[in-house]
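Please treat every number below as a calculation from the coordinates, not as lab data. Keep in mind that what you see is a predicted model, and the values were worked out from it rather than measured. Cβ placement follows ideal geometry from the backbone for every residue including glycine, while neighbour counts extend to all protein chains displayed.
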Amino acid sequence: MREKRSFLILVLCLLSSFLFMTACSDSNASSGETKDGKREENPYEKEVKKMNDEIGEEEPLKLTSYSEEIGVTIDEPVYKEFAANGKVSVKGEIEKYQDLKSDFAWIKVRANEEGPGGRQLEYYTPIEDGKFKQDIHFFNGEGEYSVSVQFPSKNRENYYYDTASFTVHNVNPEINRDVTLTPFGQDAELSLKTKSSYVKGNEVFSLKGEAAGLSDEDTIMLRLKKDSDNWKHVIPVKDGEFNYDVPLFYGKGVHELEVLVPDGDRENYYQTATTLLIDNESDRVMSPIEYADTYRERGVTLESPQFGGEESDGLYRIKGSIDPEAEFGPETSHIYITTKKGGDEALDVIPVEDFNFDDSFYLRFGPGMYEVTLSVPEIKEENSDYFRFFGFAKFEVESTGEDKRDLLPSRGVQSDSPEIKKQTETVTSGKSSDRDKAKAIYDYVAKNVSYDVKKYENDDFNWDDSALKTLESKTGVCQDYAYLAIAMLRASDIEARFVEGRAGGIFPGRHAWVEANLDGEWVTLDPTWGSGYLKDGKFVPAFNEDYFDPDMNEFKKTHTRTGVSY
């Protein structure tokens with residue numbers, strides 16, 4: 001009996017010891033004690049207690065008379081002035097919330113001093129079934145902040161009344177600027193892939209987000225500001241998502257990026273959804289791209305370039321797309337590119353294939369700063385011998401390339417194409433001097449291309465009229481003769497240019513011919529007039545050499561030169 005009692009006592013002691021050890025273990029885990037048995041404490045909690053002791057008597061939060069009118073009670077905070085460790089909650093209820101003209105409380109947080117996160121941040125807090133709650137962080141870290149709580153009017157739209165205000169002394173130095181949304185941003189169900197609205201950037205900030213409340217037909221506007229400089233741009237929404245690399249144009253320092261969403265009640269009008277502050281660490285200053293309304297109306301997205309002022313070796317690339325759902329989207333088959341340097345101007349064309357464009361063009365007038373304008377064509381049903389186009393983006397590019405304006409390929413003049421080169425080699429075979437090569441090219445074009453009377457009479461001109469097209473069809477009007485002759489001359493390393501003017505008898509019409517630099521002298525070639533003539537509305541082939549390096553006194557009796565086209 002004594003042995004059994006001793007065994008029972010031993011078991012109870014062991015069990016008691018085990019429970020005691022387990023209890024001690026749980027207690028240490030929950031209390032945050034370290035290995036040496038000391039309790040861990042947030043380093044700023046002591047500062048909060050110390051600051052609250054310095055503030056002294058705790059004065060209760062007071063509400064304005066409007067709170068009684070709509071039945072507001074605020075559970076948090078409870079004091080008019082107090083210290084906090086990086087975060088404060090505003091929480092309460094509204095008895096007569098259904099009478100209000102808005103479903104949002106408006107909370108304004110203002111820093112006592114200017115800081116990296118700005119001076120003020122506003123929260124629009126949803127009122128749901130009469131209840132509201134908003135967690136507030138402090139955008140400049142440690143310091144004093146004034147907070148005001150306002151509620152909507154019962155009678156007036158977009159009008160709020162002060163209901164409560166309090167002062168917070170934040171002791172935590174961490175900068176935490178919340179991403180806040182206006183009612184427009186919340187209606188658009190906007191969310192950004194960033195936890196803070198104060199971020200760092202280096203030349204470019206990658207903006208990514210979702211807008212579940214918007215459709216693919218909607219767009220988002222971006223407005224970037226720094227001091228007196230500002231820039232705006234429109235970006236598409238696809239499957240409820242958007243992304244864009246925002247250039248931080250204005251050098252080192254804080255850029256304010258405003259994100260705006262469409263106003264559902266007003267067409268082509270945007271409302272602020274949220275605002276970010278981006279601290280750019282780079283000193284580089286870039287030139288913004290100027291976008292016209294045409295950019296949005298015609299559904300253009302320009303992927304590259306994203307800013308102007310870049311340096312180029314003389315060849316510059318653009319890349320982008322056309323929205324197939326936009327006005328004239330399916331009909332937009334090409335993009336026009338106008339480059340200007342001083343008094344010189346060139347026009348290039350690049351194709352749009354499967355609603356995408358990605359091609360390069362020459363900065364042909366030598367080193368210096370160029371103004372580049374990108375345009376979409378006018379879409380029209382009737383034929384025409386001229387083309388209108390509408391600019392959608394303008395920017396600058398600085399070129400370091402050589403002036404090869406009369407040697408480089410250009411619009412309609414594919415002097416670098418294999419077909420043109422091959423034909424040129426055949427035509428100029430055995431010719432050693434530039435003059436002999438030019439004469440052989442003149443002869444070939446004048447003898448082998450027939451004048452297209454129907455094209456002339458019907459104004460059947462197209463944006464892709466070119467040397468290659470003429471080489472294949474062996475027919476065309478004056479511009480097409482000139483295109484082919486210039487392409488073959490340039491393929492032979494002979495400078496050649498497209499001359500615009502008028503030609504004819506009593507009533508001269510628009511005409512084009514060629515000038516070629518032969519041994520340092522610019523010589524005139526008109527292969528169209530050298531190919532034959534029109535009689536009774538039909539082309540009569542009648543090759544002649546009279547318009548290869550003609551007597552200019554005689555030539556000017558029938559031809560008037562108005563300029564050079566690039």
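In debye, nearest 20, what is the charge dipole magnitude of the range 52-170 about its Cα centre with +1 on Lys and Arg Cβ and -1 on Asp and Glu Cβ, if you could check? Walk me through the numbers on the way to the answer.
Numbers: 13 positive and 24 negative charges, 100 e Å.
Here the range 52-170 has a charge dipole of around 480 debye.
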* Asked: Quick one: if you stick a label point 7 Å off each Cα along the C-beta vector at W522 and D443, how many nm between them?
  -> 2.7 nm
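Where nothing but the Cβ of Lys and Arg (+1) and of Asp and Glu (-1) is charged, how large is the charge dipole of the chain around its Cα centre, in debye to the nearest 20?
Around 740 debye, computed over the chain.
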* Projected area, mean over directions - the range 86-150, Cα convex hull, nm² -> 4.3 nm²
* Asked: Restricting to the chain, what percent of DSSP beta bridges are antiparallel, rounded to 5?
  -> 90 percent
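Suppose R0 equals 22 Å. What FRET efficiency, 1/(1 + (r/R0)^6) with r the Cβ-Cβ distance, do K50 and E144 give to the nearest 0.05?
0.90
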* Stokes-Einstein at 25 °C, 0.890 mPa s, Kirkwood radius from Cα pairs: D for the range 437-518 in µm² s⁻¹? -> 186 µm²/s
* Treating each Cα of the range 368-420 as an identical point scatterer and ignoring solvent, apply the Debye formula and state log10 I(q)/I(0) at q = 0.16, 0.17, 0.24, 0.25 Å⁻¹. => -0.81, -0.88, -1.03, -1.03
* Quote the charge dipole size of the range 183-286 about the Cα centre in Debye, to the nearest 20; the model charges only the Cβ of Lys and Arg (+1) and of Asp and Glu (-1). => 460 debye
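Taking N as the number of residues in the chain, what is its Cα Rg relative to 2.2 N^0.38 Å?
Ratio of Rg to 2.2 N^0.38 Å for the chain: 1.54.
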* Between beta-carbons, use under 15 Å as the cut-off and find the net charge around E545, counting Lys and Arg +1, Asp and Glu -1. => -4
* **N42-K91 FRET efficiency (beta carbon distance; Förster radius 22 Å; 0.05 resolution)** => 0.50
* Asked: With a ≥ b ≥ c the root eigenvalues of the C-alpha gyration tensor of the range 52-170, is it rounded (a/c under 1.5), prolate (a/b larger than b/c) or oblate?
  -> prolate
* What is the calculated FRET efficiency for R223 to E303, with r their C-beta to C-beta distance and R₀ = 30 Å, to the nearest 0.05? -> 0.90
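Just want to confirm a number: the relative contact order over the range 418-565, from Cα pairs under 8 angstrom separated by 6+ residues, in percent.
Contact order relative to length: 24 percent.
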* **Distance cut-off 20 Å, percentage of C-alpha pairs in the range 221-320 lying past it** => 44 percent
* Report the extension gain between F543 and K340 in nm, rounded to one decimal, defined as 0.36 nm multiplied by the number of residues separating them, less their alpha carbon distance. => 69.2 nm
* Structure fact -> E311 and I379 label points (each 7 Å along its Cα→Cβ direction) are spaced in nm at 4.1 nm
* **Amide N of the range 428-442 lying under 15 Å from the label point, which is placed 7 angstrom from the Cα of K404 along Cα→Cβ** => none
* Structure fact -> dims of the range 291-399, Cα set, principal axes, largest to smallest, nearest Å -> 39, 31, 23
* To do: Once you have a ≥ b ≥ c as the square roots of the Cα gyration tensor eigenvalues for the range 154-258, tell me rounded if a/c is under 1.5, and otherwise prolate or oblate according to whether a/b is larger than b/c.
  => oblate
* Full-stretch length increase - K195, N356 - with 0.36 nm per residue and alpha-carbon distance subtracted -> 54.5 nm
